[in-house]
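Colleague: Take this structure first; my questions come after.
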Amino acid sequence: MIVFDRVTKRYRHSEPALDDVSFHVPPGEFVVVTGPSGAGKTTLLQLIYREIAPTRGRVIVAGMDVGRLPFRQVPRLRRKIGIVFQDFRLLPRRTVAENVSFVLRALAWPADRRRERTRRVLEWVGLGHRASDWPAELSGGEQQRVAIARALAAEPRLLLADEPTGNLDAERSLEILGLLHEIHARGTTVLLATHDRELIERSGARVIALRAGRLVDAGAAA
Amino acid sequence: MKIVRFAFEVVRAALSDLGRSPVASLLAILAMGVAIFLLAGFVLVGRGVEALLSHWASQASIEVYLRDDAPDEEVALLARSLAADPAIRRVEQISRERALAEFRQLFPDLADIDGLLGENPLPRSLRLVPASPDPTTARALARQVGAHPAVDSVRLDREWIDTLARLGAVLRWSTAVGSLVLLLAGLTTIGSVVRLALDDKRDEVALMRLVGAPASFVLAPVLLSGALLGAAGAAVAVWGLDLVRLAALAWLEGTPLAGLASFMLGTGLDAASRLALLAGASAAGLVAAGLAAGRAAVR
């Protein structure tokens, strides 16, 4: 699903954010990417969804060479990926259901399928009853669950979660981890970036460890 | 089917963008409306003035005053040769008596001029109407006739038309430049409104890009918003122009200017001109929106 082949990412006039990193994530695996702040976790995820391009090396995602992907092909890559952020990034002027269906609308899903999929995915994350509420009316954990529902709405093959529990307490964090496990159990490849030790231990997943942009442990691929 | 859904979503998003800042959208429409109103009004009045000048020019005559001592045979011969000239549409011989009658009609206060002077002072003349309204041809003809030995002097009755035409041209250019400046201001307003709407939905655009919405899905509503603002401005201008034209015609009805107003304002803009204005304004709005959005809409 994901191949990093000697990938280096260097921003202008600075040390490399990622330096000669190689690893492989087969389809359907649950992988945790960890490391202290500034280790390069977010850069690694951004390379996967082609927010940035590698300076050197190759990033292959779902068979696409991301670094050489023409700009017009980027949406095709991103339709295969769902992304969850630490700060949720919900649209404050749209209801919970609208936040989810917005993604499907942007992908030109028909209205009836959109409604059905939104209802199902919200029920699945346990928020079917909050569909018409505003994001501001939800707790942090609920907001993150909406963000996960939104990321899953278009049925992606790969879910990237960038510190999804960073703003949540321990109990809510474990709930989110449980959801990610369920998503993985349904066949979706999950890449969770976190520095939360308890979460890493409870995840039971392979751990890719980064420090100062270098890979210190790629675990063992399943 | 997907294309229809896409088009529907684009239209919905464009209308929603305009609805986000209704006052700014309205101001943009008005700015475009005023600019196009002036531009279209100038075209309409310009066309009327040109038709009027052309009409007057076609009626303009050359007065050829004959020498008193020119023999009648020579005058008759000159009249016949001029009548045979294809550059001349009509030749009229004006006797001294007819000239006096016309003078009395034009200047009733001086009707007794022959009594005052003891004789009719007006000379015989030939009145020529050129076949073409072209001023150069008319001047050449006047020069040619003026060289004849039986001719005393020639008066070309079109200097005032040429002066009016020159004034008209100056007026046309100044109005055109003014209208274009206003049009530019209108388009800038459209660009600002579109850019504001785009900034206002920055989070949505970022999300659309993140989930893989095609760039066209982000850009198309932006362009459509610009086109809609341009078209709405043109519609306001055309409607305003119709209103002003009808009001002017109604106001001048029954006055000596009614005929002139009717000749110049006529039936207003024809369907082709209206369509051209709508299409042109939409295209200009679209371009303004595209320029204002720039890379923000696609990257």
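Colleague: Which condition number in (1) modelled with pLDDT of 85 or more; (2) under 30 Å from residue B:44 (Cα atoms) is the one that residue B:210 fails?
Modeller: Looking at each condition in turn, residue B:210 falls short on (2).
Colleague: Taking the residues in the range A:81-124 that are within 9 Å of chain B (Cβ to nearest Cβ) and in contact with a strand residue (DSSP E or B) (Cβ under 6 Å, 6 or more places away or on another chain) as candidates, determine which candidate is farthest from residue B:204 (Cα to Cα).
Modeller: Filtering the range A:81-124 for residues that are within 9 Å of chain B (Cβ to nearest Cβ) and in contact with a strand residue (DSSP E or B) (Cβ under 6 Å, 6 or more places away or on another chain), the one farthest from residue B:204 (Cα to Cα) comes out as A:81.
Colleague: Now, a different point. Sort out which residues of the range B:213-246 are within 14 Å of another protein chain (Cβ to nearest Cβ) and buried (at least 22 other Cβ atoms within 10 Å of the Cβ), and write them in order of number.
Modeller: The answer is B:213, B:218, B:221.
Colleague: Then there's this: So residue A:133 fits all but one of (1) in contact (Cβ under 8 Å) with a residue 12 or more places away in the chain; (2) assigned to a helix (DSSP H, G or I); what number is the exception?
Modeller: (2)
Colleague: What's the total number of residues in the range A:57-79 that are touching a strand residue (DSSP E or B) at 6+ places or on another chain (Cβ under 9 Å), over 16 Å from residue A:156 (Cα atoms) and basic (Lys, Arg)?
Modeller: 2
Colleague: Residues B:287, B:222: which one is within 27 Å of residue A:101 (Cβ to Cβ), of a type in the set (Val, Ile, Thr) and not in a loop (DSSP other than H, G, I, E, B)?
Modeller: Only one candidate qualifies: B:222.
Colleague: While we're on this one: Given the residues B:222, B:238, which is the only one that is within 26 Å of residue B:185 (Cβ to Cβ) and in contact with a Phe, Trp or Tyr (Cβ under 9 Å, 6 or more places away or on another chain)?
Modeller: Working: B:222 fails: in contact with a Phe, Trp or Tyr (Cβ under 9 Å, 6 or more places away or on another chain).
Going through B:222, B:238 in turn, just one is within 26 Å of residue B:185 (Cβ to Cβ) and in contact with a Phe, Trp or Tyr (Cβ under 9 Å, 6 or more places away or on another chain): B:238.
Colleague: Taking the range B:109-133, which residues are in a loop (DSSP other than H, G, I, E, B) and surrounded by 12 or more Cβ atoms within 10 Å (Cβ to Cβ)?
Modeller: B:111, B:120, B:121, B:122, B:123, B:124, B:131, B:132, B:133 - these are the residues of the range B:109-133 that are in a loop (DSSP other than H, G, I, E, B) and surrounded by 12 or more Cβ atoms within 10 Å (Cβ to Cβ).
Colleague: Another question, if that's okay. Given the conditions (1) crowded, with 21+ Cβ neighbours inside 10 Å; (2) farther than 27 Å from residue A:70 by Cβ; (3) without any contact (Cβ under 8 Å) to a residue 24 or more places away in the chain, report the number of the one that residue B:197 does not fulfil.
Modeller: (3)
Colleague: Still on this structure: Out of all the residues in the range B:172-194, which are surrounded by fewer than 16 Cβ atoms within 10 Å (Cβ to Cβ) and among the hydrophobic types (A, V, I, L, M, F, W, C)?
Modeller: Answer for the range B:172-194, where residues must be surrounded by fewer than 16 Cβ atoms within 10 Å (Cβ to Cβ) and among the hydrophobic types (A, V, I, L, M, F, W, C): B:173, B:176, B:177, B:180, B:181, B:184, B:185.
Let's see how each residue does on (1) outside the structural domain of residue B:130 (by TED's automatic domain parsing); (2) in contact with a Pro (Cβ under 9 Å, 6 or more places away or on another chain):
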position: B:144; (1), (2): no, no
position: B:152; (1), (2): no, yes
position: B:176; (1), (2): yes, no
position: B:188; (1), (2): yes, no
position: B:192; (1), (2): yes, no
position: B:196; (1), (2): yes, no
position: B:201; (1), (2): yes, no
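One line per residue, one yes/no per condition, for (1) part of a helix (DSSP H, G or I); (2) touching a helix residue (DSSP H, G or I) at 6+ places or on another chain (Cβ under 9 Å); (3) of a type in the set (Gly, Ala, Ser):
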| site | (1), (2), (3) |
| --- | --- |
| B:144 | yes, no, no |
| B:155 | no, yes, no |
| B:165 | yes, yes, yes |
| B:177 | yes, no, no |
| B:185 | yes, yes, yes |
| B:188 | yes, yes, no |
| B:193 | yes, yes, no |
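Colleague: Residue B:282 fails exactly one of the following numbered conditions: (1) without any contact (Cβ under 8 Å) to a residue 12 or more places away in the chain; (2) surrounded by 18 or more Cβ atoms within 10 Å (Cβ to Cβ); (3) hydroxyl-bearing (Ser, Thr, Tyr). What is the number of that condition?
Modeller: (1)
Colleague: Look through the range A:5-58, keep the residues that are under 26 Å from residue A:188 (Cβ atoms) and among the basic types (Lys, Arg), and return whichever of them is nearest to the other protein chains (Cβ to nearest Cβ).
Modeller: Here the residue is A:50.
Per-residue answers, yes or no, for (1) among the acidic types (Asp, Glu); (2) touching a Cys at 6+ places or on another chain (Cβ under 9 Å); (3) assigned to a helix (DSSP H, G or I); (4) modelled with pLDDT under 90:
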| position | (1), (2), (3), (4) |
| --- | --- |
| A:175 | yes, no, yes, yes |
| A:178 | no, no, yes, no |
| A:187 | no, no, no, no |
| A:191 | no, no, no, no |
| A:198 | yes, no, yes, yes |
| A:202 | no, no, yes, yes |
| A:209 | no, no, no, no |
| A:221 | no, no, no, yes |
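Colleague: Counting residues that are on the phi > 0 side of the Ramachandran plot and either in contact (Cβ under 8 Å) with a residue 24 or more places away in the chain or within 20 Å of the chain's Cα centre (by Cα) (or both), which helices (runs of 4 or more DSSP H) fully inside the range A:1-115 reach at least 1?
Modeller: It comes to none.
Colleague: Take residues that are closer than 30 Å to residue B:121 by Cα and tell me which of the helices (runs of 4 or more DSSP H) falling wholly in the range B:1-89 contain 2 or more.
Modeller: Per the criteria, B:22-59, B:72-84.
Colleague: Okay, next question. Taking interchain pairs and intrachain pairs at least six residues apart, which have beta carbon atoms under 9 angstrom, with the first residue in the range B:1-29 and away from every other protein chain (no Cβ under 13 Å) and the second assigned to a loop (DSSP other than H, G, I, E, B)?
Modeller: That search, which allows pairs on different chains as well, returns B:17/B:201.
The values are calculated or read from the model by the stated rules, or taken from the named source; none is laboratory data. Since we're looking at a predicted model, the values are computed, not measured. Cβ sites come from the backbone with ideal geometry, for glycine too, and all protein chains shown count toward neighbours.
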